[in-house]
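The values are calculated or read from the model by the stated rules, or taken from the named source; none is laboratory data. Note that the structure is predicted; figures quoted are calculated from it, not measured. Ideal geometry is used to build each Cβ from the backbone, glycine not excepted, and the neighbour counts take in all protein chains shown.
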């Protein structure tokens, strides 16, 4: 075995927006798998807003990435050597390989995926963590029901676009908030949202009033900040706010902006509830089955934004915070064999 | 009928803390009750933090008090004339008489109370709206269960003191936050709280860490502001935060302080939920029966802070915001007959 592994390691804890010097790009040899281990060649990595949180030295739902370690990342790849009876050479697997070209694993957290059912990148998008987050967040945490008015932020993103499409399937009125005309057009023209609000151009509060004439029953929040406050002003009795993320606040150096209008929860007997997709890991098969069915039936679309090359990791990650990606952001680390 | 009625009317919408000129004190004659009406002599008025919200010109769970109108107020009194078959002269009734000495009513919203079961002021306290708020807020919205660590703010207040006592009855660890040594001593020595934090003297975050070694499962919030943020930092997985009020913010002229640490809801899959006691009106008998039982059994104490004279209404109301009352704040408008 004479393989070189390239890795993106966390070199320093970022203050605010991560910069080049917070990362190191390292080469090291790959050793043979030991008994029980499997060697996976990474094909695609998932770039997710949650990564920013993992880089902070702060108690959270999983421990921070230690400085010096390979950056934690979801991804998928192909088994190229195996001393683990559960995996055979050639198997495609999804899991948490980290930001590197090869990963040696005891197989924990990796599961097989079938590339004949959907293109590989979809397994990190609508059929992956973002799709599952949308599915369980909207249906379980959000308790959505027919005729609800559902608002979702970062609506053209990996999670938001699936949230909106599932809400349409569940017969809701769906309003998406996204940045830029092109994304907004995509939501209404391609994904069937009832309305889209361009937060870069429109006053969100006013636009919500127009597009949600019966108020807001469910808000799926990926952004926090002023948009959360604008929504809180217009929620209905018994509304449910799913706190999935707060990307507008992740690179804040100062104190985070809390929702000034949170007392609207009181007036409206409404609920604000956080969700972490890890809690639903045992129910992934259910979510994947249902979303795959909708994709097959042409009722749900997945869109990916793919950047080539592991070495592009640092600057690619920033696209999530500037909103420059359009679709699930992924890095293609290597081409699929035969393609 | 030659009775003069004195009334406290809202003269102007207050900016920040209500001042003398926001009120007028008016005298007008009382007319005879018409068919179906009942004339009630008001004995006690309830002074509640919610009143501050009713004075703002803002959509809320009930309409604002119109400028010029008698100030809305809960209270109780005695029927002195009746053309309503449901009420007899001499009946004691509780309801929403407004800040005045006499009220003519069709009986709507008034219900009879039995002064032989508890002193009248208790019917505006543990057996009234504050007690019901504590009961349904903690048990329904807060979903409290044995061994939970429960934190309550404004803990020596009308709602908070009952919240803490019910939580003790339900076998929780109970920590109260209150202002001043005397109130804190009252919580631990008289009401059986496990710990009390004097927010005027102690750093609340640090004190919580000491008194909640197993984290916080339920927070019953009456105050908002920095204390809410301090609690959010220490909640457990699946914690429930009951938003009952935010007295620290009610007289804010600027934007309200939202909870900067609200993303702790996400990390901990926790819930923040608002409650309005009006929703539980149909279940008052259940709550009153249970609390009356606990009072009789000596397991729950009610404490009232009574100020004499309707004309004291404006300055008495301010005590709620300075924390100068100790117990449920009430105004005795008139003495009970025979006493």
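Taken over segment B:1-25, the residue count meeting the criterion of being at pLDDT below 95 and in contact with a strand residue (DSSP E or B) (Cβ under 6 Å, 6 or more places away or on another chain) is 0. Listed by position, the helices (runs of 4 or more DSSP H) enclosed by segment B:232-339 that each have at least 1 residues that are within 10 Å of chain A (Cβ to nearest Cβ) and buried (at least 21 other Cβ atoms within 10 Å of the Cβ) are B:264-267.
Taken over segment A:192-211, the criterion of being touching a strand residue (DSSP E or B) at 6+ places or on another chain (Cβ under 9 Å), within 27 Å of residue A:273 (Cβ to Cβ) and surrounded by fewer than 22 Cβ atoms within 10 Å (Cβ to Cβ) is satisfied by A:192, A:194, A:195, A:204, A:207, A:211. If I filter segment A:162-178 for residues that are touching a residue at least 60 places away in the same chain (Cβ under 8 Å), outside the structural domain of residue A:319 (by TED's automatic domain parsing) and part of a loop (DSSP other than H, G, I, E, B), do I get at least one hit? No, segment A:162-178 contains no residue that is touching a residue at least 60 places away in the same chain (Cβ under 8 Å), outside the structural domain of residue A:319 (by TED's automatic domain parsing) and part of a loop (DSSP other than H, G, I, E, B). With A:157, A:142 as the choices, which residue is more than 20 Å from residue A:285 (Cβ to Cβ), buried (at least 19 other Cβ atoms within 10 Å of the Cβ) and modelled with pLDDT under 95? Exactly one of A:157, A:142 is more than 20 Å from residue A:285 (Cβ to Cβ), buried (at least 19 other Cβ atoms within 10 Å of the Cβ) and modelled with pLDDT under 95, namely A:157.
Applying the criterion of being touching a strand residue (DSSP E or B) at 6+ places or on another chain (Cβ under 6 Å) and within 11 Å of residue A:75 (Cβ to Cβ) to the residues of segment A:121-137, the residue that is surrounded by the most Cβ atoms within 10 Å (Cβ to Cβ) is A:124.
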